[in-house]
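The values are calculated or read from the model by the stated rules, or taken from the named source; none is laboratory data. The model shown is predicted, which means the values in this text are computed figures rather than measured ones. Note: ideal-geometry Cβ built from the backbone for every residue, glycine included; neighbour counts use all protein chains shown.
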Amino acid sequence: MIYDKSYRVALASAVVLHGLLFLALIIHPESSRRPVLHHEAKRDSTASESKKLDESIKEPKIIHAVSVNSQEVQEAVTRLKTARAEERRVEANRQRQLKNEADAARRLRITEQQRVQQLKAEQARLAEKRRQDLAENKKLLQDMNKQKEAEEKRILAMKQEQAAMRKQQEAEAAKLAKLKQEEKEREAREKEQARLEAEREEVANRARVAGIVDKYKALILGAISRQWILPDQVNSQLSSRFKIRLAPNGGVLDVDLIRSSGDPILDRSAQAAIYKASPLPVPEDPAAFNLFREITLTVRPENVRG
Amino acid sequence: MIRLLLIGFGLFSSSVLAVNLELTQGVNKALPIGIEGFGQSAEARALVGVIDGDLHLSGQFKLIPAPRPWRDETSLAIWKDLGVDSVLSGKITPAEDKRYKVDIELVDVAARGVPLLTQSYQVEAGELHALAHHISDEVYQKLTGIRGVFSTRIAYVLVKRKRNHTQYSLEISDMDGRHPQSLFISTDPLMSPAWSPNGREIAYVSFEKKRAQVFIVSVETGERRLVTDFPGINGAPAWSPDGKHLAVVLSKDGTPKLYSVNLVSGHMKQLTFGHAIDTEPRYASDGQSLLFTSGRGGSPQVYRLDLASGDVKRMTFEGNYNARASYTPNLRQMIMLHREDQNFNIGVQALDTGRVTVLTDSEADESPSLAPNGRFVIYATHVRDQGVLAMVSLDGRVQRAFPARDGDIQEPAWSPFFG
């Protein structure tokens, strides 16, 4: 753009200059005839500039003219003639020169034109190129935009897709979680149920065992009690404790006096009773019997039967 | 948490289920015992017979006969099958100088043959009977924890009514009434024999001078000495546990009252005062007090005199007649002659509760005397108008009537332990 402007100015100035030169060449004879005019005109053209100067020099010029006019007109004509020849020669020279100059100018112009042409072409090319570039750019931009849009679209789509996928995933995860939760709950329920059942069974078993245990406790006590001959005048405040080991058939394996009453007769009476009660009634149920492998018996001669 | 709870519960339940038994009831049964192995000799039979009789007399043993055919040794298993708790086995072998060697062994059959007693003796032929009682004592003590009284003796007055007169004799027999020996015979009444604490002397009341006198006679030598000879009643002698004093009843001042005579110094001290009749003193085993019978409450009742303070306290409130009381050795009970309505019976009173248990049910029992182990009471009773000896255990379960003798048995007194 900047080049473009400079060229334009240069071109315009060149055209104006050439036009002026051409005009000057055409009107030359008149101007040679009235050089004063020209001069004046020239002066006039500059009048505004040098008014003061004109007023200061007006007086002497008029005096001069008056003195010259009468005597030397011939001289002046000759002089004018020579001057005119001179002028003509000069003019020819000038014409030549002008012609040369015109040629040169023409040449210059041509070159200039060529240059301008070139410039123009260049400019056009450049413009074209720019246009093309622009277009290209635009296109590129458009493409880019398009691409971007597409990309954005794609991204959006992707995002949407992702979102959808995420949603789906989430849904699936939720579903899975729900399933898991359900599974968990189901397992927990089953576990709880199993536990409850086991507990029920355990309780039932325990109750059963406890029932068996209670029953056999009573049976064992009865069996030993029937054999326990209380010593006479025994102190009912006394008590002794025994550890009894039993065989699975109830046979008394061992009787250990683990705490003596201090009365050997009482101790022995109870020990004899335990041995004599052998085999003691014991449960056949192995779990229940396990509790009877080793039993402790505290004897306290509080009551007498029979 | 749940597991913890379960574990806790498990522990709890296992502790609940752990078999800890408490037996508070037994039976009152005789201890089954077997005797074997002494052989078939006359001495062996006699020995076993005495032991057998003693154990039976006590009421605390059930003698299981050895299985037939007789063998010198029967296996423990067989005895066990017969339900025997313990077996006494022994052997009599003649030794030098007409002596006998007697070996005994008592085993606990129930506890798988644990030996309880092993002894070896050498005695003369004449001592076999006493040895038998001694063996009974050993076995009895080993199996019951109570000292046996089979070697103790009974003193009593035997009254024989003859055609012209009545004969009174002071007799001493084995505790089963056998082997009586007369220590003193009189045509005048004899009363209230009382054993000295060491068993060597007997104090008694004699009317040989047509009035009451208190004598002490040596059991071994028959020597006598007069203790009191006051006007009126001289009666009911009782030995202090240390044997230094003899409590007597004297009516020298009018009413029969209790006095104590120092047997070493001869000093006498009045123990009870007043106008009511006091009689039948019996020292407590600790010598701190004595029980006596007094009519001070209107009817005869038992009172306790504290010897240190002289305080008298009424002991019996049940029944309209309580007399001849004596403490058991452990001072937890006292036995006495007790009349609820009409009949005189042997009663035992618990000192903590004051509850009286009547041990006998005949019409007229009299003169209860306690065995030194506190387990039995010997007393006189009447069978077909004849006075006989009878024995009752302090729990009332065992009652034995001894064979009657020719004559009436009166006022039996159980000896202390000898030695």
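Within the range B:47-77, track down each residue that is of a type outside the set (D, E, K, R), assigned to a helix (DSSP H, G or I), modelled with pLDDT of 85 or more and buried (at least 16 other Cβ atoms within 10 Å of the Cβ).
Passing the criteria: B:L47, B:V48, B:V50, B:I51, B:G53, B:L55, B:H56, B:L57, B:S58.
Residue check: is A:I224 more than 8 Å from chain B (Cβ to nearest Cβ), over 60 Å from the mean Cα position of the chain (by Cα) and hydrophobic (A, V, I, L, M, F, W, C)?
In short, no.
Considering the range B:381-398 alone, what residues qualify as being away from every other protein chain (no Cβ under 14 Å), part of a strand (DSSP E or B) and more than 17 Å from B:R178 (Cα to Cα)?
If the condition is that a residue be away from every other protein chain (no Cβ under 14 Å), part of a strand (DSSP E or B) and more than 17 Å from B:R178 (Cα to Cα), then B:T381, B:H382, B:V383, B:Q386 are the ones that fit.
Which residues, taken from the range B:327-350, are in a loop (DSSP other than H, G, I, E, B), over 22 Å from B:G298 (Cα atoms) and without any contact (Cβ under 8 Å) to a residue 24 or more places away in the chain?
If the condition is that a residue be in a loop (DSSP other than H, G, I, E, B), over 22 Å from B:G298 (Cα atoms) and without any contact (Cβ under 8 Å) to a residue 24 or more places away in the chain, then B:R332 is the only one that fits.
Picking from B:R324, B:R397, which residue would you name as being within 16 Å of the chain's Cα centre (by Cα), at positive phi and in contact (Cβ under 8 Å) with a residue 12 or more places away in the chain?
Exactly one of B:R324, B:R397 is within 16 Å of the chain's Cα centre (by Cα), at positive phi and in contact (Cβ under 8 Å) with a residue 12 or more places away in the chain, namely B:R324.
Matching residues to (1) touching a residue at least 40 places away in the same chain (Cβ under 8 Å); (2) outside any loop (DSSP other than H, G, I, E, B); (3) not charged (D, E, K, R):
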site: B:H275; (1), (2), (3): no, no, yes
site: B:E280; (1), (2), (3): yes, yes, no
site: B:G287; (1), (2), (3): yes, no, yes
site: B:T293; (1), (2), (3): no, yes, yes
site: B:S299; (1), (2), (3): no, no, yes
site: B:R304; (1), (2), (3): no, yes, no
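Out of curiosity, is B:K209 charged (D, E, K, R) and more than 19 Å from the chain's Cα centre (by Cα)?
So B:K209 fits the description; yes.
Identify the single condition in (1) more than 21 Å from B:S285 (Cα to Cα); (2) out of contact with any Pro (no Cβ under 8 Å at 6 or more places or on another chain) that B:A380 does not satisfy, given that it satisfies every other one.
Checking B:A380 against (1) more than 21 Å from B:S285 (Cα to Cα); (2) out of contact with any Pro (no Cβ under 8 Å at 6 or more places or on another chain), the one that fails is (2).
Among the residues of the range A:249-267, which ones are within 12 Å of another protein chain (Cβ to nearest Cβ) and surrounded by 15 or more Cβ atoms within 10 Å (Cβ to Cβ)?
A:V252, A:V255, A:L257, A:S261, A:D263, A:P264, A:I265, A:L266, A:D267
So the check is Cβ under 8 Å with 6+ separation or different chains; which pairs have a first residue in the range B:253-271 that's over 14 Å from B:G243 (Cβ atoms) and a second one that's aliphatic (A, V, I, L, M) and part of a loop (DSSP other than H, G, I, E, B)?
Cβ pairs passing all conditions: B:T255/B:A276; B:T255/B:I277; B:P256/B:I233; B:P256/B:I277; B:K257/B:L271; B:L258/B:L271; B:Y259/B:L271; B:L271/B:L307.
Counting only residues that are out of contact with any strand residue (DSSP E or B) (no Cβ under 8 Å at 6 or more places or on another chain), polar (S, T, N, Q) and closer than 19 Å to B:L31 by Cα, give me the strands (runs of 3 or more DSSP E) lying completely in the range B:96-191 with at least 3 of them.
Strands (runs of 3 or more DSSP E) meeting the threshold: none at all.
How many residues, within the range A:296-306, are crowded, with 21+ Cβ neighbours inside 10 Å and either among the β-branched types (V, I, T) or more than 7 Å from every other protein chain (Cβ to nearest Cβ) (or both)?
Total meeting the criteria: 1.
Can you find a residue in the range A:281-291 that is more than 7 Å from every other protein chain (Cβ to nearest Cβ) and either crowded, with 22+ Cβ neighbours inside 10 Å or within 15 Å of A:I224 (Cβ to Cβ) (or both)?
yes
Within the range B:354-366, does at least one residue satisfy the condition of being more than 14 Å from chain A (Cβ to nearest Cβ), closer than 27 Å to B:S182 by Cα and either crowded, with 21+ Cβ neighbours inside 10 Å or of a type in the set (D, E, K, R) (or both)?
Yes, that holds for at least one residue.
Quick one: A:F242 ticks every box in (1) more than 11 Å from chain B (Cβ to nearest Cβ); (2) under 22 Å from A:A270 (Cβ atoms); (3) surrounded by 14 or more Cβ atoms within 10 Å (Cβ to Cβ) except a single one, so which number is it?
The single condition A:F242 does not satisfy is (1).
Please determine, by comparing only the residues of the range B:362-380 that are outside any strand (DSSP E or B) and at pLDDT 95 or above, which one is nearest to B:P197 (Cα to Cα).
Ranking the candidates gives B:P372 first.
Going by what's in this entry, would B:F273 be described as exposed (fewer than 14 other Cβ atoms within 10 Å of the Cβ) and hydrophobic (A, V, I, L, M, F, W, C)?
Considered against the rule, which asks whether it is exposed (fewer than 14 other Cβ atoms within 10 Å of the Cβ) and hydrophobic (A, V, I, L, M, F, W, C), B:F273 comes out as yes.
Residues of the range B:286-307 being out of contact with any Gly (no Cβ under 9 Å at 6 or more places or on another chain) and within 23 Å of B:P197 (Cβ to Cβ), which ones?
Of everything in the range B:286-307, those that are out of contact with any Gly (no Cβ under 9 Å at 6 or more places or on another chain) and within 23 Å of B:P197 (Cβ to Cβ) turn out to be B:D286, B:G287, B:Q288, B:S289, B:L290, B:L291, B:F292, B:T293, B:V302, B:R304, B:L305, B:D306.
Taking only the range A:198-232 into account, find how many residues are closer than 23 Å to B:L143 by Cα, modelled with pLDDT under 85 and surrounded by fewer than 19 Cβ atoms within 10 Å (Cβ to Cβ).
0
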